[in-house]
Amino acid sequence: MSRALASDPRERNQFRRLLLRWYDREQRKLPWRGQTDPYRILVSEIMLQQTRVAVVEERYMTFLQQFATAARLARAREQTVLAAWSGLGYYRRARALHAAAKKIACNGGFPRTVEELLELPGVGRYTAAAVASIAFGVPAAVVDGNVKRVLGRILGRELAEQQCWAKAGELLDRRQPGDFNQAMMELGAMICVPGGEPLCSACPVASLCVSRGATPQRRPSPRRKAVLHYALARKDGSVLLRQRPAEGALMPGMWELPECRARSQEPLLRLRHSITTTDYTVLVFPANGRCKSGGRWVPLQRVERMALTGLARKILRKAGILRIE
């Protein structure tokens, strides 16, 4: 933020006024916008961690139709919750949300302060502040990647983590903390975008910003490439699946197709799949007894209710075993 904005209350008030006016006019129509139910806000915030908004838009209402309240989610089996989460990735979030719902149900009510929210499994400083400010009007600032970028460009330099939280707190509109927090995140997502070309001509607070115009871009790290081989086995209206080890570090307890060795024959299916820093080429072959591990025959009518990995769901949809959602 500029020197005046950092020190002059009138400049900060102008920033708040301009930003909130823009947000009222230009905010995206998202299914969780305008919510005051803390459970629904918590679900959206957990889903939005490390998942694109477009993907969450598709899954948010479907999840809430199945688990309309924290109490209903608390009563569900873990495998049922994981199945409903399938496709959103990072399944530890689903397990944490499930555990949080159980704690809320056990306590007999939803926590209302940042400190109480931080006691919930899987809830960190950002999520606690987001839920408290949006649901209950608690004057707590949020800092995510979008907010960090906005603050850094307004100030004209990168900020350390604690500096970001301090500056966000200084700017926060304490009368409308929920709207202000969402406006800061929206500004970073839609206008003060990543990369070298922020949309400064459309920015409501450009007159208060030091870094107007293009900014230097960091060269992205090269992505890894890898090949995965799976076997697709079907018989008597069932498909062969295997469950990942419950003690495993990656997607424990989730169901997937059995892996197989590379083959010279043409695969049944070929598809692409990306996870974090790796792009995978996935080859699916007909099973011929050379799978690396055993599994379980699952009736096709039960497959959609299984806690499948995102890749398994993608393969089975392409194979026509699951309907396209």
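The values are calculated or read from the model by the stated rules, or taken from the named source; none is laboratory data. These numbers come from a predicted model, not from an experiment. A quick note on method: Cβ atoms are made from the backbone with ideal geometry, for glycine too, and the neighbour counts reach across all protein chains shown.
Would you pick out the residues in segment 54-83 that are hydroxyl-bearing (Ser, Thr, Tyr) and closer than 20 Å to LYS102 by Cα? Correct list: TYR60, THR69, THR80.
Out of contact with any Asp or Glu (no Cβ under 9 Å at 6 or more places or on another chain), modelled with pLDDT of 95 or more and in the same structural domain as TYR90 (by TED's automatic domain parsing): which single residue out of LEU199, LEU187, LEU159 fits that description?
Working: LEU199 fails: modelled with pLDDT of 95 or more; LEU159 fails: modelled with pLDDT of 95 or more.
Checking each option against the conditions leaves just LEU187.
Here PRO111 passes the criteria (1) over 20 Å from ASP179 (Cβ atoms); (2) at pLDDT 95 or above; (3) surrounded by fewer than 20 Cβ atoms within 10 Å (Cβ to Cβ) except the one numbered (3). Looking across segment 77-95, the residues that are buried (at least 17 other Cβ atoms within 10 Å of the Cβ), of a type outside the set (S, T, N, Q) and in a helix (DSSP H, G or I) come down to VAL81, LEU82, ALA83, ALA84, TRP85, ARG93, ALA94, ARG95.
Could you check segment 165-202 and list, in sequence order, the residues that are within 20 Å of ASP8 (Cβ to Cβ) and in a helix (DSSP H, G or I)?
Residues of segment 165-202 within 20 Å of ASP8 (Cβ to Cβ): 166-175, 180, 184.
Correct list: ALA166, LYS167, ALA168, GLY169, GLU170, LEU171, PHE180, MET184.
Being closer than 27 Å to ASN288 by Cα and surrounded by 15 or more Cβ atoms within 10 Å (Cβ to Cβ) holds for only one residue in LEU232, LEU187, and it is LEU232.
Of everything in segment 237-275 that is assigned to a loop (DSSP other than H, G, I, E, B) and acidic (Asp, Glu), the residue that is nearest to LEU308 (Cα to Cα) is GLU247. Right, TYR126: in contact with an Asp or Glu (Cβ under 6 Å, 6 or more places away or on another chain) and assigned to a helix (DSSP H, G or I) or not? So TYR126 passes the test.
Considering every residue within segment 108-119, establish whether at least one is under 30 Å from MET306 (Cβ atoms) and touching a residue at least 24 places away in the same chain (Cβ under 8 Å). Please lay out each step first, then the result.
So the first thing to find is which residues in segment 108-119 are under 30 Å from MET306 (Cβ atoms), and the list is none.
No, every residue in segment 108-119 fails to be under 30 Å from MET306 (Cβ atoms) and touching a residue at least 24 places away in the same chain (Cβ under 8 Å).
A single member of LEU30, LEU19 is modelled with pLDDT of 95 or more, part of a helix (DSSP H, G or I) and either buried (at least 18 other Cβ atoms within 10 Å of the Cβ) or not acidic (Asp, Glu) (or both), and it is LEU19.
Within segment 205-219, identify whether any single residue is within 25 Å of HIS273 (Cβ to Cβ) and modelled with pLDDT under 90, and answer yes or no. Talk me through it step by step, then tell me what you get.
Filtering segment 205-219 for residues within 25 Å of HIS273 (Cβ to Cβ) gives 219.
Next, only the ones that are modelled with pLDDT under 90 stay: 219.
The answer is yes; a qualifying residue exists.
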